[in-house]
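Enquirer: The structure's right below; bear with me while I get my questions together.
The values are calculated or read from the model by the stated rules, or taken from the named source; none is laboratory data. As the structure is a prediction and not an experimental result, all values here were calculated from the model. Here the Cβ is made from the backbone with ideal geometry for all residues, glycine too, and neighbour counts use every protein chain on show. Protein only, heavy atoms only, side chains kept; ligands, DNA and RNA dropped before computing areas. Shrake-Rupley method; radii C 1.70, N 1.55, O 1.52, S 1.80 Å.
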Amino acid sequence: MDRVVSLNPIITTTLFIFSFTLIMSNTMVTAGACTPKDSGPVIPTTPLITFLEGVQEAALKTYGHKGFDPKLYVDMSLKQNLSTTVAAFDKLTRTANGSISVEELNGFLEKYLGGAAEDLVYVDPVDFVAEPEDFLPKVKSPEVRAWALEVHSLWKNLSRKVSGQVLEKPDFYTLLPLENPVIIPGSRFREVYYWDSYWVIRGLLASKMYETAKGIVYNLISLIDEFGHVLNGARAYYTNRSQPPLLSSMVIDIYNRTHDETLVIRSLPALVKEHEFWNSGMHQVNIMDADGTNHSLSRYYALWNQPRPESSTTDRETASKLSNNCDKTQLYRELASAAESGWDFSTRWMRNESDLATLTTTSIIPVDLNVFILKMELDISFLAHVVGDAVTAGRFSEASQARKKAINSTLFCAEMQQWLDYWLSDSNPSKEEVYTWRRSGQNQKLFASNFIPLWIELFNSDVKMVDDVVLSLQNSGLVRSFGIATSLTDSGQQWDFPNGWAPLQHMIAEGLVRSGSKHARCVAKDIVVKWTRTNYVAYKKTGAMHEKYDVEKCGGFGGGGEYIPQTGFGWSNGVVLAFLEEFGWPEDLKLDC
């Protein structure tokens, strides 16, 4: 099952024709050789991606690990047709270990491949103004307002549109040709990403950039129209997985500002289609609770079981300790599924906290994913009411109530006053079979995701319950000096301690402030002040907003994981602006640490 990406000997024309035919059929291929260990579907890759993975592998051998970013190479584009480029690449002189001289590889890249950033070009957002009218009215501090305007101005830096060359020759690029301008996260993330876009949009709404926000949503809808789900990111190598489903939240938030019914009409069929994606096939899990009631919940399950193209060399290295090819195939599925979760990577998905090769993402029913889908069901019901579709509204209202019961009966832990991920048994029942819930299946380790249900009204409307859960949060050790830690385990993975991430701060704080509990609102305000301060201090020290932050150090940005810390940064900008819009900043409150 382990696909070889080395291009020695040369990939023949016949192979490319076969691969191309496979892609064009748009069918899912089931990996049978490792059944039943890995029995899920696989969406095939393209010949261009296969070739660029070969370039990535050769580049690592040539340049070495220091400063090496595998994603760079699968983001490159062709200057000539693929067969000519492959032939030229195969003629390069190689040493015994497959490396090419730096000079020769540099020459090849310059002659045959375009730079990774050339497929998107800068574009001025149509609705950007330097200081929007009624911008952050609750911010009374001149210092904070000045900084907020600088963060607001970053939307111009991150605004892109697809190059005309991509539209003319889409087969030469891994970038997907989206119609509307996008806001990229920043740094190595040179394309639009799914769940990042929710917090980007929250920031755009604070910046009064409604047309840019709508354009992002229409782009994501176009991905559902073409692929059946929103992709992890707008690249051809992301077609086999999604990310946390927050499109309905984007639509709702934009509609609440603009009352644009055209947006609702255009979005609703796509949202129903996305709901089906997350509630069918391998994403669906059936489980019987302790009272004998059957429930349907969802899990992350990538449609892929080989190295992720953007991290192919890294994934192969992770799998190298495994001797069995079937075990490697399963690990590749788990790596891609963890990437689908957005938490790539975390001990949350690992059986052995010190060993990434023990990932078991597909065997876990995640709290946050099911909360996002519950919110999607509530959102679809609301949007269907907007357009007068009572049948759809009723169907999804019923679905949301069923999912709430499922979440509470299988994931909520009354003793801890938290919702806990559920680890399925090692057996892999077919879709018709049902897992039996066991208390021992609940993962009692502490993660910020245990508190994500607070974000939505169905869970935050009970003030007594909210106060109990908030006390649990305060006693958990997750709330640190400068934000909420992702976990309490310092594993070296980026979705673990001591890193804090903007989306987690935002969902928990926003849920608390909307709950109606005075105590919860105080806790939310404390989180917001801590997070805003550390973002500000880091910005003043480095001149940049960061992807993640160290919640133990004021102004410290996060680290760990499989790539160096990134700046820009879309969702961090959006959360700061959303926090300042919601909570404001009084004139007498200190901003430094």
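Enquirer: If only Cα atoms are counted, what is the Rg of the chain, and what is its Dmax, in Å?
Expert: 23.6, 71
Enquirer: Under the rule a/c < 1.5 gives rounded, and otherwise a/b versus b/c splits prolate from oblate, where does the range 382-492 land using the Cα gyration tensor?
Expert: oblate
Enquirer: Okay, moving on. Taking every pair of alpha-carbon atoms in the range 447-593, give the share separated by more than 19 Å as a whole percent.
Expert: It works out to 49 percent of all Cα pairs.
Enquirer: For the range 325-394, rounded, prolate or oblate, judged on the Cα gyration tensor with a ≥ b ≥ c (square roots of eigenvalues), a/c < 1.5 rounded, else prolate if a/b > b/c?
Expert: Prolate, since a/c reaches 1.5 and a/b exceeds b/c.
Enquirer: For the range 126-194, what does the relative contact order come out to in percent, with C-alpha contacts under 8 Å and a separation of six or more?
Expert: Rounded, it is 23 percent for the range 126-194.
Enquirer: Do any chymotrypsin sites (Phe, Trp or Tyr not before Pro) in the range 389-460 lie in a DSSP loop with no more than 10 other beta carbon atoms within 10 Å, and if so, which?
Expert: Within the range 389-460, no chymotrypsin sites (Phe, Trp or Tyr not before Pro) qualify (loop, at most 10 other Cβ atoms within 10 Å).
Enquirer: Let's see if you can work this out: charge +1 on each Lys and Arg Cβ, -1 on each Asp and Glu Cβ, no other charges. What is the dipole magnitude of the chain about its Cα centre, in debye to the nearest 20?
Expert: Around 600 debye, computed over the chain.
Enquirer: Hey, if you drop one equal point scatterer on each alpha-carbon of the range 156-275 and run the Debye formula without solvent, what base-10 log of I(q)/I(0) do you get at q = 0.12, 0.17, 0.23 Å⁻¹?
Expert: -0.40, -0.81, -1.46
Enquirer: Also, quick follow-up: Quickly work out the Cys593-to-His65 label distance, labels modelled 7 Å from Cα along the C-beta direction, and quote it in nm with one decimal.
Expert: Each label point lies 7 Å from its Cα, and together they span 3.0 nm.
Enquirer: Once R0 is set to 60 Å, what does the formula 1/(1 + (r/R0)^6) return for the Cβ-Cβ distance between Thr84 and Glu133, expressed as a FRET efficiency to the nearest 0.05?
Expert: So the FRET efficiency works out to roughly 0.65.
Enquirer: Expressed in nm to one decimal, what extension gain is obtained for the pair Lys321 and Met416 from 0.36 nm per residue of sequence separation less their Cα-Cα distance?
Expert: Residue separation times 0.36 nm, minus the Cα-Cα distance, leaves 30.5 nm.
Enquirer: A further question follows. Cα centroids of the range 170-246 and the range 529-589: how far apart, whole angstrom?
Expert: Computed from Cα coordinates, the inter-centre distance equals 22 Å.
Enquirer: Within the accessible area of the range 46-192, what % is carbon and sulfur when the probe is 1.4 Å and the other protein chains stay in place?
Expert: Of all accessible area on the range 46-192, carbon and sulfur atoms account for 52 percent.
Enquirer: Further question on the same structure: With labels modelled as points extended 7 Å from the Cα through the Cβ direction, what inter-label distance (nm, one decimal) is found for Ser153 paired with Ala96?
Expert: 5.8
Enquirer: Restricting the count to DSSP beta bridges whose residues both fall in the chain, what percent are antiparallel, rounded to a multiple of 5?
Expert: 90
Enquirer: Hey, what angle do you get for helix 102-112 against the long axis of the chain, alpha-carbon based, 0 to 90 degrees rounded to 10?
Expert: Approximately 80 degrees, to the nearest 10.
Enquirer: Hey, got a sec? Which GluC sites (Glu not before Pro) in the range 429-486 land in a DSSP loop and have at most 12 other Cβ atoms within 10 Å?
Expert: Passing sites in the range 429-486 are Glu432, Glu433.
Enquirer: Pairs of Cα atoms under 8 Å, at least six residues apart: use those to get the relative contact order of the range 208-342, whole percent.
Expert: 23
Enquirer: Let me ask you something else. Percent relative contact order of the chain, based on C-alpha pairs within less than 8 angstrom and at least six residues apart?
Expert: Relative contact order, the chain: 14 percent.
Enquirer: Per residue, how many Å² of accessible area does the chain show with a 1.4 Å probe?
Expert: 38
Enquirer: Over the Cα atoms of the range 245-302, what radius of gyration and what Dmax do you get, in Å?
Expert: Calculated on Cα positions, Rg and Dmax stand at 15.4, 45 Å.
Enquirer: According to the square roots a ≥ b ≥ c of the eigenvalues of the Cα gyration tensor, what is the shape class of the range 200-254, taking rounded for a/c under 1.5, prolate for a/b larger than b/c otherwise, and oblate for the remainder?
Expert: Taking the square roots of the gyration eigenvalues as a ≥ b ≥ c, the range 200-254 is prolate.
Enquirer: Pairs Lys140/Lys375; Lys156/Lys553; Lys321/Lys445; Lys138/Lys375; Lys138/Lys590: which exceed 23 Å Cα-Cα?
Expert: In this structure, Lys140/Lys375; Lys156/Lys553; Lys321/Lys445; Lys138/Lys375 exceed 23 Å between Cα atoms.
Enquirer: With a point put 7 Å past each Cα toward its Cβ, work out how far Arg351 is from Tyr122 in nm, to one decimal.
Expert: Calculated label separation equals 5.1 nm.
Enquirer: Right, here's the next one. Any idea what the dipole of the range 171-229 comes to, in debye rounded to 20, about its Cα centre with Lys/Arg Cβ at +1 and Asp/Glu Cβ at -1?
Expert: 360
Enquirer: So, one more: How would you order 233-240, 61-68 from highest to lowest mean count of nearby Cβ atoms within 10 Å?
Expert: Per-residue mean Cβ counts within 10 Å order the peptides as 233-240, 61-68.
Enquirer: Which of the GluC sites (Glu not before Pro) found in the range 64-143 are loop residues per DSSP with 14 or fewer other Cβ atoms within 10 Å of their Cβ?
Expert: Answer by residue number: Glu133.
Enquirer: Angle, helix 210-227 long axis vs. longest principal axis of the chain, Cα atoms, 0 to 90°, nearest 10?
Expert: 50
Enquirer: Please calculate the 1.4 Å probe accessible area of Cys522, with all protein chains present, and give it to the nearest 10 Å².
Expert: That residue has around 90 Å² of solvent-accessible surface.
Enquirer: Just tell me which lysines come within less than 18 Å, Cα to Cα, of Lys61; anything on the same chain fewer than 8 places away is out.
Expert: Counting by Cα, and skipping residues close in sequence, Lys61 has these lysines nearby: Lys71, Lys91.
Enquirer: Would you mind getting the Kirkwood hydrodynamic radius of the range 101-197 from its Cα pairs, rounded to one decimal in Å?
Expert: Taking the inverse mean of 1/r over all distinct Cα pairs, the range 101-197 comes out at 16.1 Å.
Enquirer: How large, in percent, is the carbon and sulfur part of the accessible surface of the range 265-402 at a probe radius of 1.4 Å?
Expert: That fraction is 50 percent.
Enquirer: In what sequence, highest mean first, do 222-230, 256-264 appear when ranked by Cβ atoms within 10 angstrom?
Expert: Top of the packing list down: 222-230, 256-264.
Enquirer: At 1.4 Å probe size, what's the solvent-accessible area of Lys540? Round to the nearest 10 Å².
Expert: Answer for Lys540: close to 110 Å² accessible.
Enquirer: Next question, about the same structure. Taking only DSSP H segments of four or more residues, each worth -39500 (n - 2.57), what value at 222 nm results for the chain once the sum is divided by all its residues, to the nearest 500 deg cm²/dmol?
Expert: About -14500 deg cm²/dmol.
Enquirer: If you take the beta carbon distance between Asp490 and Val434 as r and set R0 to 51 Å, what does 1/(1 + (r/R0)^6) give as a FRET efficiency, to the nearest 0.05?
Expert: 0.85
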